[in-house]
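**Student:** A single structure is presented below for examination.
The values are calculated or read from the model by the stated rules, or taken from the named source; none is laboratory data. All of these numbers come straight from a predicted model, not from anything done at the bench. With ideal geometry, Cβ positions are generated from the backbone for all residues, glycine too; neighbour counts draw on all protein chains shown. Protein only, heavy atoms only, side chains kept; ligands, DNA and RNA dropped before computing areas. Shrake-Rupley method; radii C 1.70, N 1.55, O 1.52, S 1.80 Å.
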Amino acid sequence: MKAMNYLLPHIRRIPQKLLRDQFAMDAAQKLGIDSAVLREELRQAALRRRDHIEVRVTTLTEVERVLLRALAITDPEHEEARRTAVDAFTRQSQWFEGLGVYGALRALVERGVRDPMDVVEDPAQRALLAEALLAETEPPSADTVLGAILSLQQRKIEAELRDMRAQIQEAEQRGDFAELAVLTQRKLELDRVYRQLRGSGSSGN
């Protein structure tokens, strides 16, 4: 961050956009920062007419941060972590729909070989991706990604169970015993899945 703030005034004084981009790419390579992330940070700073890049208080949850970084992996050495995230999103995309970075996650899953920063078109989503990638240099492991997915699934089932309890209470108050039997059976199934997930999380720790 200090290095980027040192470079920013110099980059802003370069009048030609092409030269600015080339300078930023060269600087990013020397600093070991993904050039697309650096360009996005510089673009945000320029849009806001800032003379420095601020250290932002993160707006990402740990699960969102892990998933973004996993799906942005380009190094074949860490492909297992990316594949774990892609498989989960492909099979159960509804688990991810409540996340604030859902748009970025969907774009990253479908990116193919394209640069991660190039596939996320929404500026707000792209800024969140840049924030996640700038935070750490090492991509998450497959186990870390799996843990994030399990945590996400647990939260979804917890929300379903809360909703189910409310529906059971309403059915009891109405005296609708047929509906009550169906809801109770569904709750038992959710309880079983939730216990299995809790067990999976514990065995992975």
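**Student:** Does Ala124 satisfy being open to solvent by 40 Å² or more (accessible area, probe 1.4 Å) and without any contact (Cβ under 8 Å) to a residue 40 or more places away in the chain?
**Tutor:** Yes.
**Student:** Report, by residue number, each residue of segment 154-178 that is in a helix (DSSP H, G or I) and open to solvent by less than 70 Å² (accessible area, probe 1.4 Å).
**Tutor:** Gln154, Lys156, Ile157, Glu158, Ala159, Leu161, Met164, Ala166, Gln167, Ile168, Ala171
**Student:** Only residues in segment 5-20 that are in contact (Cβ under 8 Å) with a residue 24 or more places away in the chain count as the first member; pair them with residues that are of a type in the set (Asp, Glu), Cβ under 7 angstrom, at least 6 apart or cross-chain, and list the lot.
**Tutor:** Leu8/Asp51; Pro9/Asp51
**Student:** State all residues of segment 87-119 that are part of a helix (DSSP H, G or I) and over 23 Å from Leu134 (Cβ atoms); if no residue qualifies, say none.
**Tutor:** Listed by number, the residues that qualify are Asp87, Ala88, Thr90, Arg91, Ser93, Gln94, Trp95.
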